[in-house]
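Engineer: Mind looking over this structure? Questions follow.
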Amino acid sequence: MDQWFHIKYEDNETQALLLKKEVEIPSGEVTFSSLLAWVESKGIRHGIRNEVLSLIAENLDTFIFPAEIAKGKLPKDGEPARLIPSISNEKVVTINENAKLDFKRLFTIPTAEFGEILARKVNATEGIAGISVFGKVLPAKNGNDLLVKNGMNTVFNESEQYVYASASGEVTFQKNRVNIYPVYRVDGDVSLKTGHIDFVGNVHITGDVPSGFKISAKGDVRIEGVVEAADINTDGNVVIGGGVLGQGKGTIRCGGDFTSLYISQGNVYANGNIMVAQTILHSYCEAELTVTCTSGKGNISGGTCIAGNGISAIDIGNETYSKTLLHIKTNAKMESDILKYEQKILELQTNLEKLNHLKTVLIQKNSERQTINRIINTISQAKHEIVDLQKKIQRCKSSSNSSINIKGTLHPNVEICIGKYKRKIQSPFNAAKVFIEEKEIVVHSL
């Protein structure tokens, strides 16, 4: 069978694919029983698909390869613990691009009264182990716990798993705490009358923020109008009901999520997500988590979008082929761990060569059996350590599943970077997913 077939393993050895070599197979040589025996001789023990082997044996001349002949199960990591808001938080509304837009209705402002339940903690879940086609158990990670801290004017009751308000005010949700801040409110536009704004709580502006003004806050910044080339810096979230007309000059930085109707020639940095309802045009956007533009037009064109976990849009690029750069950052720690594991494997392999040579010399010299056994045990330990390190590398690589998702059209002249790999789109794709596969950026049509 080895002269006619070979087996390829994918998805951490949870999938076995049978490939046929470019040689002629004599009639009657391949039967179900002989094929099954050969597959089992390769160590495959779990999830063998007998019905596929039978089809191959019966229709060898017409069967289309590769064929999935065994299927295991990938491990499923547990969900991390998290805080679930009990009151409504701001959300991007879905806006039809042909509908009349009401800039003032893009978000709602969550408020709370003393003693109100603000959020509840959901505990982490345990991971579910997988199994390879060789019958090896593939361990899964349990979800990480979350240490919930008391925020400003809030109290976390650990026994009840609830966060309560200890004062009334506007609510700001963060990953591991909830804050209730006092509010600095501007009725109308920011102007020379208000000057620059620097406040330790939330800032709420019902009008616009013209060019040249600066806003600094500890809590959330909520602006119902349009932000021009202004500078905004906050530890919390930023919500802009109108949009951003940055003129390539203003900069917005937030410690949480950024939400807006649109961004045009803006510079936006978010430690959380960047969520835009309509369009991102000729802008620089950088999010630690995701960049999302999937309502209305849902178009990203021109400029640069950088994200840690993924980018989603309806259309990316445009029909005039505006140069657009998308960059998915890889986890720096993961890359460092992989490099560390690979270096350790090289060291162990070098030591193995020396130990095997030493063992051969000792045997030839009829040295003490105790000394030889110690060398053999050291060799065995090194081999096991190499296997463990290879598993760790595989887990690191399989945990990196960031992608770019396009519901509509991915246009030419879009340059995509995922980690250190680059690809320039030369032809349009419809409804596609872009991701790394075997050290190459691939575009998979959905």
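Engineer: Using a 1.4 Å probe and ignoring any ligands, DNA or RNA, find the accessible area of ASP257 and quote it in Å² to the nearest 10.
Structural biologist: Number for this one is 50 Å².
Engineer: Taking the Cβ of GLY246 as the center, what net charge do the other residues with Cβ under 15 Å away carry, scoring Lys and Arg +1 and Asp and Glu -1?
Structural biologist: Within the 15 Å Cβ shell, the charges total -1.
Engineer: In deg cm²/dmol, rounded to 500, what helix-only [θ] at 222 nm does the chain give when every DSSP H run of at least 4 residues adds -39500 (n - 2.57) and the total is split over its residues?
Structural biologist: Dividing the helical sum by the residues of the chain leaves -6500 deg cm²/dmol.
Engineer: Express the carbon and sulfur contribution to the solvent-accessible surface of the range 103-232 as a percent, rounded to the nearest whole number, probe 1.4 angstrom.
Structural biologist: Answer for the range 103-232: carbon and sulfur cover 51 percent of the accessible area.
Engineer: Moving on to the next point. Can you work out the Karplus-derived ³J(HN,Hα) for every residue in the range 235-243? Use 6.51 cos²θ - 1.76 cosθ + 1.60 with θ = phi - 60°, whole Hz, and x for glycine or proline.
Structural biologist: Working through the residues one at a time gives 7, x, 8, 10, 10, 10, x, x, x Hz.
Engineer: To continue, here is another question. Only bridges with both residues in the chain count here: give the DSSP antiparallel percent, nearest 5.
Structural biologist: 40 percent
Engineer: With only Lys, Arg, Asp and Glu charged, each at its Cβ (+1 for the first two, -1 for the last two), find how big the charge dipole of the chain is about the Cα centre; round to the nearest 20 debye.
Structural biologist: 1040 debye
Engineer: So how strong a dipole does the range 153-251 carry about its Cα centre when Lys and Arg Cβ are +1 and Asp and Glu Cβ are -1, to the nearest 20 debye?
Structural biologist: Around 160 debye, computed over the range 153-251.
Engineer: Any idea what the dipole of the range 268-343 comes to, in debye rounded to 20, about its Cα centre with Lys/Arg Cβ at +1 and Asp/Glu Cβ at -1?
Structural biologist: Roughly 100 debye, rounded to the nearest 20.
Engineer: What shape does the range 140-247 have by the C-alpha gyration tensor, where a ≥ b ≥ c are the square roots of the eigenvalues, rounded means a/c under 1.5, and otherwise prolate means a/b greater than b/c and oblate the rest?
Structural biologist: prolate
Engineer: At R0 = 45 Å, how high is the FRET efficiency between VAL200 and GLU415 if r is their beta carbon distance? Nearest 0.05 is fine.
Structural biologist: That pair, VAL200 with GLU415, gives E of 0.60.
Engineer: Which FRET efficiency value, to the nearest 0.05, do you get for LYS424 and VAL183 by plugging their Cβ-Cβ distance into 1/(1 + (r/R0)^6) with R0 = 35 Å?
Structural biologist: The formula returns an efficiency of 0.15 here.
Engineer: Which residue, SER41, THR62, THR31, has the largest displacement toward the positive end of the dipole of the range 24-66 when charges sit on each Cβ (Lys, Arg +1; Asp, Glu -1)?
Structural biologist: The listed residue farthest towards the positive side: SER41.
Engineer: Given H placed 1.01 Å from N in the peptide plane, which residues other than close sequence neighbours of GLY201 have an amide H under 5 Å from its amide H?
Structural biologist: Here LYS218, GLY219 satisfy the definition.
Engineer: What is the extension gain from LYS392 to SER168, computed as 0.36 nm multiplied by their sequence separation minus the C-alpha to C-alpha distance, in nm to one decimal?
Structural biologist: 75.8 nm
Engineer: Highest first, please rank the peptides 369-381, 408-420 by the mean number of other Cβ atoms sitting within 10 Å of their residues.
Structural biologist: Highest-to-lowest ranking by the protection proxy: 408-420, 369-381.
Engineer: Here's something else I'd like to know. What does the net charge come to around LEU36 if you take all other residues with beta carbon closer than 13 Å to its beta carbon, with K and R at +1 and D and E at -1?
Structural biologist: +1
Engineer: I need the peptides 234-244, 18-28, 338-348, 294-304 ranked by packing, meaning the mean over residues of other C-beta atoms within 10 angstrom, with the highest value on top.
Structural biologist: Descending packing order for the listed peptides: 234-244, 294-304, 338-348, 18-28.
Engineer: Using 0.36 nm per residue of separation minus the Cα-Cα distance, give me the extension gain between GLN3 and GLU68 in nm, one decimal.
Structural biologist: Contour length minus Cα-Cα distance gives 21.5 nm.
Engineer: A further question follows. Return a whole-number percent for the relative contact order of the chain, with Cα pairs under 8 Å and 6 or more residues apart as the contact set.
Structural biologist: For the chain, the relative contact order is 8 percent.
Engineer: Which of the listed residues, ALA431, PRO75, ASN267, is farthest toward the dipole's positive end in the chain, when Lys, Arg count +1 and Asp, Glu count -1 at the beta-carbon?
Structural biologist: Farthest towards the positive pole: PRO75.
Engineer: Among residues other than SER264 whose Cβ falls under 14 Å from its Cβ, what is the net charge (Lys/Arg +1, Asp/Glu -1)?
Structural biologist: Net local charge, SER264 excluded: +1.
Engineer: Still on this structure, please answer the following. Give me the one-decimal nm value for the distance between modelled label points at ASN366 and SER322, 7 Å along each residue's Cα-to-Cβ direction.
Structural biologist: 8.5 nm
Engineer: For the range 163-180, take each phi angle, set θ = phi - 60°, evaluate the Karplus expression 6.51 cos²θ - 1.76 cosθ + 1.60, and give the result in whole Hz per residue in order, putting x for glycine and proline.
Structural biologist: Along the range 163-180, the couplings run 9, 10, 7, 9, 7, 9, x, 7, 9, 10, 9, 10, 4, 10, 6, 10, 10, 10 Hz.
Engineer: Quick one: what are the phi-derived ³J(HN,Hα) couplings along the range 35-41, Karplus 6.51/-1.76/1.60 with θ = phi - 60°, whole Hz, x for glycine and proline?
Structural biologist: 3J(HN,Hα) across the range 35-41, in whole Hz: 5, 5, 4, 5, 4, 5, 5.
Engineer: Output the relative contact order of the range 122-184, whole-number percent, from Cα pairs under 8 angstrom with separation of 6+ residues.
Structural biologist: Reported relative contact order: 24 percent.
Engineer: Still on this structure, I have one more. Considering only protein heavy atoms and a probe of 1.4 Å, how much of the accessible area of the range 308-386 is carbon and sulfur, as a whole percent?
Structural biologist: Using a 1.4 Å probe with all protein chains present, the range 308-386 comes out at 51 percent carbon and sulfur.
Engineer: Let me ask something else about it. Between the range 249-326 and the range 68-86, how many Å separate their Cα centres?
Structural biologist: If you average the Cα positions of each part, the centres end up 28 Å apart.
Engineer: How would LYS73, LYS359 rank on accessible area, largest to smallest, probe 1.4 Å?
Structural biologist: Descending accessible area places them as LYS73, LYS359.
Engineer: Rounded to the nearest whole Å², what accessible area per residue is found for the chain with the 1.4 Å probe?
Structural biologist: Ligands and nucleic acids excluded, the figure is 53 Å² per residue.
Engineer: Here's another thing I want to ask about it. In percent, what relative contact order does the range 300-446 have, based on Cα pairs under 8 Å that are 6 or more apart in sequence?
Structural biologist: Once normalised by length, the contact order is 30 percent.
The values are calculated or read from the model by the stated rules, or taken from the named source; none is laboratory data. Nothing here was measured: the structure is a model prediction, and the numbers come from that model. Backbone-built Cβ (ideal geometry, glycine too); neighbour counts: all protein chains shown. For the accessible areas, the whole protein counts, side chains as well, though only heavy atoms, and no ligand, DNA or RNA atoms are used. Shrake-Rupley method; radii C 1.70, N 1.55, O 1.52, S 1.80 Å.
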